[in-house]
1. Would you pull out the residues with amide H under 5 Å of Val93's amide H, same chain only if 5 or more places away, H placed 1.01 Å from N?
2. Which FRET efficiency, nearest 0.05, do Met208 and Asn237 yield, Cβ-Cβ r, R0 30 Å?
3. Accessible area of Val122, 1.4 Å probe, to the nearest 10 Å²?
4. Give the accessible surface of region 163-280 per residue, rounded to a whole number of Å², with probe radius 1.4 Å and ligands, DNA and RNA excluded.
5. Provide the FRET efficiency to the nearest 0.05 for the Ala198-Glu162 pair, computing r from the beta carbons and using R0 = 35 Å.
6. Please give the net charge around Phe184, taking every other residue with its beta carbon less than 11 angstrom from that of Phe184, where Lys and Arg add +1 and Asp and Glu add -1.
7. Measure off 7 Å from each Cα along the Cα-to-Cβ vector at Glu484 and Arg438, then give the distance between these two points in nanometres to one decimal.
8. Place a label point 7 angstrom from the Cα of Asp311 along the Cα-to-Cβ direction, then list the residues of region 352-370 whose backbone nitrogen is under 12 Å away.
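The values are calculated or read from the model by the stated rules, or taken from the named source; none is laboratory data. All values reported here derive from a predicted model rather than from experimental measurement. As a convention, Cβ positions derive from the backbone with ideal geometry for all residues, glycine included, and neighbour counts pool all protein chains shown. Accessible surface is based on the protein model in full, side chains and every heavy atom, while ligands, DNA and RNA are left aside. Shrake-Rupley method; radii C 1.70, N 1.55, O 1.52, S 1.80 Å.
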Amino acid sequence: MQLSVANFIVQLLSKSTAKGGGARWRRAVGAKGAEKAAANALPPLQLLAILAVIAWTLFLYVQFSVLSAAVEVVEVSDGADSADPCRGRYVYVHDLPPRFNADIIRDCRKYQDHWGDMCGVVSNAGLGRPLADGVFTGEAGWYGTHQFALDAIFHSRMKQYECLTNHSAVANAVFVPFYAGFDFARYHWGYDNATRDAAFVDLADWLMARPQWRRMWGRDHFLVAGRTGWDFRRSNNVDPDWGNDLLAMPAGRNMSVLVLETTLLHGSDYSVPYPTYFHPRSDADVLRWQDRVRGQRRAWLMAFVGAPRPDTPVNIRVRDHVIAQCKASSACAMLGCARSPGSPQCHAPGDIMRLFQKASFCLQPPGDSCTRRSVFDSMVAGCIPVFFHTASAYKQYRWHLPKDHLNYSAYIPDADVRRRNVSIEAVLRSIPPATVERMREEVIKLIPRILYADPRSRLETIKDAVDIAVEGVLDTILRIKKGEYVDSGRPVSEDPPNLYASTESRFQPKSVVSRIVTRLKQWIE
């Protein structure tokens, strides 16, 4: 191709010279003077036109060559060649203007009223400040991570993703590093809805002007919004002044948006785990922690960490009953978390993880929303989660948690606890010890999938929550390309099969005698 183009140019110039354009010009000057020479100025103009055509031909040739090369790479990556370990996994990251990410968190002291130590939250690539509590002695990778810091953590982790590409034409997905969760925090309190939506409206305009967007109109794009889906779907909220409308806007509906909890509507939001306190730097860090929690002595049957939620919707208001039963049981340990400055226990990672490591089951009733960060903190500690609402986990986290939910968790319907006073302790005691051991081992195996590794390093053979999430996004985009209808929602009334629940035991306040009997049974067992 290059030789034929060169030959064409040489031939074109030769023909122009052979026709005597320059010679005619000289003869015209010698024979008829300057006036006729001016009249015969057309040949050199023709030469200029020919040169212009040649320049455009070269330009189009170069552009065509680049495009052909890109198409060839796409064909190789999507074809039968399996030698490329990144085949089907390439991700292109938009280089956004800093107003969409870095500038949002640069003035970290501006948000102190709503975030506390905001500057500490965004330190260490979003992990927060390192922990030095005795419970983590000898363990690396522990930080005081905020539950809503995922925007920065995920962005930092994506910089270490092994299949990044600078050529968007070969990318299987496009990552948009917009700090949606932090943007929510800076404009939520004291601002009108137009101001809350402004950053994403600006981002949408920026994205839609890019050629990468026009390829699939954003269906191959994804971003991380590190809060619950309801914070980004104001149009569907009960409170018309809560949150912004990122998920309801056309650009938001086209992209895959990773949130901490989905809205369980038919939309484009997909749930990923809450950040925990553990961010390993190596495979060895993960394996060492798994061995530690596997060998931990579990002195308590069950444990609960949290505060009452009197403002929780009635249909999921089971927490008060859970707290009451835990307080009345000698087999339950509780870390109370009254919402006041004088009650910092629930924000002390050492206290939380120390308790979770000593319990076999960790009670996880809904709070402000159906899921809690505590679910993932407890699983990292090797504690089996006990759910009371199917939306807490079973209808979410499809990429990170297995479909066989009862292999790693226990389920007691909240209606049984609220209306029938089913004893949580009796239900959990009825599970055979061998089954409990199998469930705990399954939880321990799941630990890597719910962790966010330290963004400044890379795990070698273990996949963390980011790896799993990117795989989920890539699979979703591939299905979209195949013409499948893809959405993240399931009906709230849909329950997983074979739910474990015991309704034979009724909870009654324990007398001193009954507590002594319970202690004797525990001792005999």
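1. Here the answer is Thr165, Phe175, since their amide H atoms fall under 5 Å of that of Val93.
2. Using R0 = 30 Å, I get an efficiency of 0.70.
3. It works out to around 30 Å².
4. Ligands and nucleic acids excluded, the figure is 34 Å² per residue.
5. E(calc), rounded to 0.05, equals 0.50.
6. Net of charged neighbours comes to 0.
7. In this crude spin-label approximation the distance works out to 3.0 nm.
8. Flagged as within label range: 368-369.
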